[in-house]
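Notes follow once the structure below has been shown.
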Amino acid sequence: MRQLLPIIDKNFYIKGILNAINVPGFALGSTMIGFSVIAKEAGFDIWMVLATTASVWGMPGQVAFASLYAVGSSLVLIFIAVTLANMRMMLMVISGANILKIKKYNLPFWKQAILLHVMAITSWAQIGYMKDKIDEEKLLNYYIGFSFTIFTFGMLGTFIGFYINNYVSSNLIRIFIFLTPLYILLLIINSKENIHKVSVIFGGLISIVLYPLIGNWCILFSGILGGSFAILINSLKKRIT
Amino acid sequence: MEVEYTFLQSWAAVALACIATLIWRLMGVFFYNKISENGLLIKWINSIAYSMVSAVMMMILIYPTGALATTLTEHRILGLIIGLSVMLIFKNLVSAILISLISFGVIVTYF
């Protein structure tokens, strides 16, 4: 039987799994526990919560969906809000596919789509961090192991979150939810390339200023402004040296 | 809470949320296959992706919803600063995360 996905080096596939069964897996699982709590309060049943996590697989879009569902918004409004909240995914997918150099594997479009469907911010940040530590041709194997394990943790977190709310203290839940933004920010600021460090700093700072003015649009605008500033500074620096 | 959706409407909402995500991911795959791997455009997109992810995470930290919204902004910022400082000093990601998480836990529980 032909392999569904290109597993070439099992060692790196397993390394990806093991790295995921660590801080990233628990961080993402905790984040999904948090989402599940919100979704349950909004009126979702367990199957709807699981289907949302599996198909949307992006916290801002999921939270936008649950928040609008909670107040009985129209389906059109839900569609528009989730579409806008997930706009960033296109750029993350392009960037992630570029880090993985997916083109060279000559995969059909649907296989690329499956591989990139399971790309969460956590797995994108992880491959960005690991790309300098692992050979280019092993990175895809690592990513497959890592991202599918993360996905499993996310689904488990969603399932557990739906039922544990009554048994675990809210203090513990909020401490665990703090883990995801902390982990990802530390990962991306740790990037080897200065241009990316500058992008992280600009993007983060601009978003804080813009959010009170333009709400969730700040994510898109902070990204474009921060990324463009970083490119500009990098090219100016190159001209000077 | 009173839910105003029928069974079918609820699942239609889930399907629409799924499509709203799928569109962007598929467009990402499509455009990735159309652009050069090493050109300026992909460098720009990568920089934007880093900035956007940073923005999403800062939104969760500074303007959170759900359980995290019950903590004080100063406490969350302090937790992040501790994490960044430990990482700058010790150059170790796991230590930075652990120390930051423990500090945040202590701060939100006792202060």
*Within the bounds of the stretch A:31-44, is there any residue that is surrounded by fewer than 17 Cβ atoms within 10 Å (Cβ to Cβ) and at pLDDT below 95?*
yes
*When you go through A:Thr180, A:Thr241 one by one, which is the residue that is buried (at least 23 other Cβ atoms within 10 Å of the Cβ) and either out of contact with any Lys or Arg (no Cβ under 8 Å at 6 or more places or on another chain) or facing chain B (nearest Cβ under 10 Å) (or both)?*
A:Thr180
*asked:* I'd like to check something: does the stretch B:33-46 contain any residue that is buried (at least 22 other Cβ atoms within 10 Å of the Cβ), in a helix (DSSP H, G or I), facing chain A (nearest Cβ under 7 Å) and of a type in the set (Phe, Trp, Tyr)?
replied: no
*If you check B:Ser103 against the conditions, is it in contact (Cβ under 8 Å) with a residue 24 or more places away in the chain, over 16 Å from A:Ala27 (Cα atoms) and more than 7 Å from every other protein chain (Cβ to nearest Cβ)?*
yes
*Among the residues of the stretch A:101-111, is any more than 9 Å from chain B (Cβ to nearest Cβ) and within 11 Å of the chain's Cα centre (by Cα)?*
no
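Please go through the stretch A:193-207 and give me each residue that is surrounded by fewer than 18 Cβ atoms within 10 Å (Cβ to Cβ) and either touching a helix residue (DSSP H, G or I) at 6+ places or on another chain (Cβ under 8 Å) or more than 19 Å from B:Gly39 (Cα to Cα) (or both), ordered by number. Step through it out loud before you land on a result.
To start, the set of residues in the stretch A:193-207 that are surrounded by fewer than 18 Cβ atoms within 10 Å (Cβ to Cβ) comprises A:193-194, A:197, A:201, A:205.
Residues satisfying the conditions are A:Asn194, A:Lys197, A:Ile201, A:Leu205.
Scanning the stretch A:208-219 for residues that are more than 7 Å from every other protein chain (Cβ to nearest Cβ) and part of a helix (DSSP H, G or I), which turns out surrounded by the most Cβ atoms within 10 Å (Cβ to Cβ)?
Step one: of the stretch A:208-219, the residues more than 7 Å from every other protein chain (Cβ to nearest Cβ) are A:209-210, A:212-217.
Next, from what is left, pick out any that are part of a helix (DSSP H, G or I): A:209-210, A:212-214, A:217.
Working: A:Val209: 10, A:Leu210: 18, A:Pro212: 9, A:Leu213: 9, A:Ile214: 12, A:Trp217: 13.
Taking the candidates together, the pick is A:Leu210.
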*Being touching a helix residue (DSSP H, G or I) at 6+ places or on another chain (Cβ under 8 Å), over 30 Å from B:Ser36 (Cβ atoms) and crowded, with 24+ Cβ neighbours inside 10 Å, is that true of even one residue in the stretch A:82-102?*
yes
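Hand me the list of helices (runs of 4 or more DSSP H) wholly inside the stretch A:118-201 holding 2 or more residues that are more than 23 Å from A:Arg88 (Cα to Cα) and modelled with pLDDT under 95. Steps first, please.
Numbers: elements: A:121-130, A:139-164, A:170-189.
Counting at least 2 such residues, we get A:139-164, A:170-189.
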*in a helix (DSSP H, G or I), surrounded by fewer than 20 Cβ atoms within 10 Å (Cβ to Cβ) and of a type in the set (S, T, N, Q), is that true of B:Ser10?*
yes
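The values are calculated or read from the model by the stated rules, or taken from the named source; none is laboratory data. Just so it is clear, the structure is predicted and the values come from calculations on it, not from any experiment. Every residue, glycine among them, receives a Cβ derived from its backbone with ideal geometry; neighbour counts consider all protein chains shown.
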